[in-house]
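What follows is one structure encoded as structure tokens, with my remarks underneath.
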Amino acid sequence: MNRRGHETGSRKITWVAGIWLVLALAACEPFWSTPEGRAREFIEALVVSPAEIQPLRDIANLPPEENPEALIGDLSARISLDFLRARQAQGVSLKFVQGETRRTDDTHRAAMIHVTYLQPGTPVTGEVRFLVRIEKVAQARWRIARVTGDN
């Protein structure tokens with residue numbers, strides 16, 4: 001086999017490996033749309049744009065008749081959301097970070113979402129935490145089931 005023929009065979013192998021990689025990635029759930037990522041997006045949308053009901057429903061995978069605010073499960077979570085909304089209205093920068101995840105079984109997860117902010121006039125940061133319960137529903141879709149405060 002000559003040098004030119006060897007290069008051509010190498011290119012074919014590279015193409016086949018590339019196609020297999022693309023197909024494998026397409027078959028898997030991408031890391032950027034994990035249920036825990038959905039929980040972070042939901043908390044961020046609840047704080048940043050609570051009046052936009054349809055995007056909240058889409059993120060949480062809720063039916064049209066269900067109100068996303070009904071997922072807030074306790075007083076601690078409500079107070080935390082109001083506090084963060086007030087901070088944002090004051091121009092404070094908020095950072096939403098996905099924390100640890102607990103898997104109860106294959107269809108239920110609980111994700112901790114951390115929201116950090118800079119205390120005004122100081123180099124000290126504050127933190128608010130939410131526990132978001134997620135469940136798998138029909139067609140292997142993940143749904144936000146409940147949001148509670150973890151403060």
Margin query: Give me the 1.4 Å probe accessible area per residue for the range 40-151, excluding ligands and nucleic acids, in Å².
Written below: 55 Å²
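With Cβ to Cβ distances under 14 Å as the rule, what net charge do the other residues near Val97 carry (K, R +1; D, E -1)? Intermediate results must be reported in sequence, preceding the final value.
Details: positive: Arg40, Lys95, Arg129; negative: Glu36, Glu41, Glu44, Glu100, Glu127, Asp150.
Within the 14 Å Cβ shell, the charges total -3.
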Item checked: Pair Ser49, Arg78: separation of 7 Å Cα→Cβ label points (nm) -> 2.6 nm
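How much of the accessible area of the range 72-151, in percent, comes from carbon and sulfur atoms when a 1.4 Å probe is used? Don't jump to the answer; show the numbers that get you there.
Values: 2290 of 4610 Å².
About 50 percent, which is the carbon plus sulfur part of the accessible surface.
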Notebook entry, point to check: His108 versus Glu66, label points 7 Å from Cα toward the beta carbon: distance in nm?
Noted result: 1.5 nm
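The values are calculated or read from the model by the stated rules, or taken from the named source; none is laboratory data. Since this is a predicted model, take the numbers as computed values, not measurements. We place every Cβ from the backbone using ideal geometry, glycine too, and count neighbours over all the protein chains shown. Side chains included, ligands, DNA and RNA excluded: accessible areas come from the protein's heavy atoms. Shrake-Rupley method; radii C 1.70, N 1.55, O 1.52, S 1.80 Å.
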